[in-house]
Structure formats: C-alpha cells, structure tokens
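J.: First the structure, which I've put down as structure tokens, then a few questions once you've had a look.
The values are calculated or read from the model by the stated rules, or taken from the named source; none is laboratory data. Computed from a predicted model, the values in this text were never measured in an experiment. All Cβ positions, glycine included, derive from the backbone under ideal geometry; neighbour counts span all protein chains shown.
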Amino acid sequence: MNNETDITERDLIMVDRMADDLRRGLPVMIKHGDKAIVIAAAEFTGVGLLDTLKAVGDKPTLLMTSERATSLKVACKGWPQIRIVLSEWMKPIEIQAAADPTLDLAVPFKGPFTRIDVEPTVLESAAIKLLKLARLLPTAIIADILGPISSGGVDGDIFCVSAEKILAAEKARSLRLAVVAEARVPLEGAVGDCKLISFRADTGGTEHMAIIVGDVSPRKPVLTRLHSECFTGDLLGSLKCDCGQQLKGAISAIAEAGGGVILYMAQEGRGIGLISKLKAYALQDQGYDTVDANTKLGFEVDERLFMPAAVMLKKLGFSRVRLMTNNMDKVEALSRFGIDVVERVAHKFPANEHNHAYLETKKTRTGHDL
C-alpha cells in the first residue's frame, strides 16, 4: 500500500470496529499476505480469553513494545516489539501486570521472562498500533493462525483487516477531515467574535475543534496555538500540568493580538488517552517523571500525530502561521506537513509546587523552551 488514499471508507470503519472490540476485551484478527494473527488486549486477560485464543490459533504468546520490555528488564535486540513466552507461572493476573505497571505493588513478582528470538514483522507493528488506536495499553496476547485465512472482512465472529490498512489508518483519517459543525460561542478572556468549528472524518471517529478568535485573514500569518485536550487541566483545573493555563492564556493572548486560531486536538495525554494518562499519573506518584511513566506503560514519549492540525489549518485557508509553542517538535511537524511556520511565539507560565517537576522534565528531557 503506497499511500493513505488507497484505504476505503469501509477499511477505516473496520479498523474502528476492531479497536472497539479490543476495548470490549474481545479478540481481533490481523492479516498480511498468507499469514495472520489473532490478538487481544493483555490488560483484559482472563481464563476465557486465553481459551478463545488457544482455540483459534497456535499457542498464545505475549507481545509488547520495546519500551515496556525494557522496563521489565527484557533485552529487545533493537526491535520495536518483542514476543514473550507465556510461562506456566503466568496466570491472568500476572499477564495483566506484565502490561500494566500500576499493578506492580499488587503483583510484585514478575519474571523470569523468556523472549522469543524472532524478529517482529508488520503484523506485530499493526497489533501494537491497533491497541494504541483503541487507547489501550500496548501489550497484547497474540496467537498465530496456522490454517487457511479468510479473505473477507470477518472471519467467523472475529473482525479481520490487513496490517497495512491498520498502520495507515490514522494518517488516512487525517486526510479525510472536514468541517461538520460551527457556531459562534462567546469565550471568557476573548474580545470580539469567537467561533467553534468542529472537524471529523467522513468515516466518523474522533472530532477535533478549531477555536477562531477575533478577526483572522489567510493573507497574513495567523497567530496559532496547537493545544492537545487535557480533561484534568482544561476542565478540572489540575495543578499537575500547565495545560489549563496554556489554553486560557492562548485565548486571552490571541484576543489581545486581534485574532487567531487555537486547534483543540483530541490527543489526551500526548496521544495515549485519558485512562493511560491517569495510570501515568499514578506512576508519577511513585516517583517516575512524565517521560519514564509513559515509557513504563509501553508508550513512546509522545504518541501524537500533528498531521490533523496541518489538514485543519489548510481547510480553514491558512498556510502560514505564527505558532504559540515551547515545543520545537510542533514547529518541525507542521513544517513537514506543508504549513509555513514563520515565527515561534513563546507561550509559558510560572510553575507551582505541584507541576514544578513536570515542567522541569519537559525542559530537560523533551527539549521544551521553558
């Protein structure tokens, strides 16, 4: 598959349905050529789920990212994913704990783990990607299919999609974003007109929001803020991060400047989802910083995709921006996706006793200009 436009509407819907099944604790099938695997989310492991995988495939194994494996002291040989033997001592609760480090205190004894010394393929990459699309922890129970593979979309009661379509789905959906609703909404801290514009792909899925403040024109670089949603900070006023301050500060700063746009992206917790973010918070309470908490859960430091933001800007008629950010990755990403970042505008706020360590980690470990 050479580009994301080769993915049909039905393909994207099937990927979503498979992600939904994983969130329900059900298995799904992924195929590539004449090979296929059945996977299920390890965090939902129970006796019944293990029996189901044993019935449809070869002896199940445990699949995890190199980040999670490293935290379990398993060598990865530089591979992005590895498989681990499901040993006799690994009951369902031990399998769940292998996926979820917040269970360390409840299930303290892990290992020894035996790595299966076979280099991962596109099947393993797609399995991990699908778990992330489902906003689940990226560790799976996996079984190889030994018999004939159905060429249809559904194999019995198990949904099936090709690995290539899963890996390309996120970008393909970004390209299909379109305006689905807009309305004027007065906002605290803004002067003049404010408009909310909602974007969604024609296949459904996640909605992103553009907040247009004041007077904007595509004829000159627009003052822009990319803001990833933060339920705890934006809505509840959490002091563990600076997200609420950044959002309210951006609205006020853009209003004072005469106009601009805030892209409110549905990418909670740097793209890992709200539940996983809360698990990361629990790990931070144990002494891990925000970077190590994410990787201990099995995620990359930042799982966000910035292509949707670039597509939204283009749909709004903007190709040049003055970007309000302290994150150089956002500057690079927008540039890579065809947006001319003519200026980076600093956007930072004083630390408090609860987020001081968080901000220091952003500065020293993820390169934020703070």
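J.: Sort through MET64, MET14 and tell me the only one that's touching a residue at least 60 places away in the same chain (Cβ under 8 Å), in contact with a helix residue (DSSP H, G or I) (Cβ under 9 Å, 6 or more places away or on another chain) and within 16 Å of ILE158 (Cβ to Cβ).
T.: Exactly one of MET64, MET14 is touching a residue at least 60 places away in the same chain (Cβ under 8 Å), in contact with a helix residue (DSSP H, G or I) (Cβ under 9 Å, 6 or more places away or on another chain) and within 16 Å of ILE158 (Cβ to Cβ), namely MET14.
J.: Quick one: in the stretch 52-75, of everything that is part of a loop (DSSP other than H, G, I, E, B) and under 25 Å from ILE145 (Cβ atoms), which residue is modelled with the highest pLDDT?
T.: Within the stretch 52-75, the match that is modelled with the highest pLDDT is PRO60.
J.: Can you report the number of residues in the stretch 184-194 which are buried (at least 16 other Cβ atoms within 10 Å of the Cβ) and either of a type in the set (D, E, K, R) or part of a strand (DSSP E or B) (or both)?
T.: 1
J.: Please indicate, with yes or no, whether at least one residue in the stretch 126-142 is within 19 Å of LEU278 (Cβ to Cβ), of a type in the set (D, E, K, R) and in contact with a Phe, Trp or Tyr (Cβ under 9 Å, 6 or more places away or on another chain).
T.: Scanning the stretch 126-142 turns up at least one residue that is within 19 Å of LEU278 (Cβ to Cβ), of a type in the set (D, E, K, R) and in contact with a Phe, Trp or Tyr (Cβ under 9 Å, 6 or more places away or on another chain).
J.: Checking ARG320 against (1) out of contact with any Ser or Thr (no Cβ under 9 Å at 6 or more places or on another chain); (2) on the phi > 0 side of the Ramachandran plot; (3) surrounded by fewer than 17 Cβ atoms within 10 Å (Cβ to Cβ), only one condition comes out false. Which one?
T.: Tallying (1) out of contact with any Ser or Thr (no Cβ under 9 Å at 6 or more places or on another chain); (2) on the phi > 0 side of the Ramachandran plot; (3) surrounded by fewer than 17 Cβ atoms within 10 Å (Cβ to Cβ), ARG320 fails exactly one: (2).
J.: Just to be sure, is ARG135 charged (D, E, K, R) and on the phi > 0 side of the Ramachandran plot? Lay out the reasoning, then the answer.
T.: Details: charged (D, E, K, R): yes; on the phi > 0 side of the Ramachandran plot: yes.
For ARG135, the condition - charged (D, E, K, R) and on the phi > 0 side of the Ramachandran plot - is met.
J.: Hey, can you tell me all the residues within the stretch 42-51 that are assigned to a loop (DSSP other than H, G, I, E, B) and either of a type in the set (Asp, Glu) or under 22 Å from GLN81 (Cα atoms) (or both)?
T.: THR45
J.: Identify the single condition in (1) among the β-branched types (Val, Ile, Thr); (2) touching a strand residue (DSSP E or B) at 6+ places or on another chain (Cβ under 6 Å); (3) under 25 Å from ALA293 (Cβ atoms) that VAL122 does not satisfy, given that it satisfies every other one.
T.: It fails just one condition, (3).
J.: Within the group LEU283, LEU263, LEU223, LEU235, which residue is aliphatic (A, V, I, L, M), under 24 Å from ASN352 (Cα atoms) and buried (at least 18 other Cβ atoms within 10 Å of the Cβ)?
T.: LEU283
J.: Answer yes if at least one residue in the stretch 347-360 is touching a strand residue (DSSP E or B) at 6+ places or on another chain (Cβ under 7 Å) and either on the phi > 0 side of the Ramachandran plot or among the β-branched types (Val, Ile, Thr) (or both), and no otherwise.
T.: No, there is no match, as no residue in the stretch 347-360 is touching a strand residue (DSSP E or B) at 6+ places or on another chain (Cβ under 7 Å) and either on the phi > 0 side of the Ramachandran plot or among the β-branched types (Val, Ile, Thr) (or both).
J.: Quickly run through the stretch 94-114 and pick out the residues that are of a type in the set (A, V, I, L, M) and without any contact (Cβ under 8 Å) to a residue 24 or more places away in the chain.
T.: Within the stretch 94-114, ALA97, LEU103, LEU105, ALA106, VAL107 qualify.
J.: So, of the residues in the stretch 33-51 that are surrounded by fewer than 17 Cβ atoms within 10 Å (Cβ to Cβ) and in contact (Cβ under 8 Å) with a residue 60 or more places away in the chain, which turns out to be nearest to GLY273 (Cα to Cα)?
T.: Filtering the stretch 33-51 for residues surrounded by fewer than 17 Cβ atoms within 10 Å (Cβ to Cβ) gives 33-35, 46-48, 51.
If we keep only those that are in contact (Cβ under 8 Å) with a residue 60 or more places away in the chain too, we end up with 34-35.
Numbers: ASP34: 33, LYS35: 31 Å.
Top of the filtered list is LYS35.
J.: Further question on the same structure: Got a sec? Which of ASP329, ASP289 is at pLDDT below 95, surrounded by fewer than 20 Cβ atoms within 10 Å (Cβ to Cβ), within 29 Å of VAL180 (Cα to Cα) and not basic (Lys, Arg)?
T.: ASP329
J.: If you don't mind, there's one more thing I want to ask. Restricting to the stretch 217-231, name every residue that is farther than 21 Å from LEU305 by Cα and without any contact (Cβ under 8 Å) to a residue 60 or more places away in the chain.
T.: Hits for the stretch 217-231 are SER217, ARG219.
J.: Now a separate question. Determine whether PHE306 is buried (at least 19 other Cβ atoms within 10 Å of the Cβ), among the aromatic types (Phe, Trp, Tyr) and closer than 30 Å to ALA97 by Cβ. Explain how you work it out, then say what you get.
T.: Numbers: buried (at least 19 other Cβ atoms within 10 Å of the Cβ): yes; among the aromatic types (Phe, Trp, Tyr): yes; closer than 30 Å to ALA97 by Cβ: no.
No.
J.: Residues that are surrounded by 13 or more Cβ atoms within 10 Å (Cβ to Cβ), touching a helix residue (DSSP H, G or I) at 6+ places or on another chain (Cβ under 9 Å) and modelled with pLDDT under 90: does the stretch 157-180 have at least one?
T.: yes
J.: Continuing with the same structure: On the given criteria, is VAL345 within 22 Å of ILE212 (Cα to Cα) and in contact with a Lys or Arg (Cβ under 6 Å, 6 or more places away or on another chain)?
T.: yes
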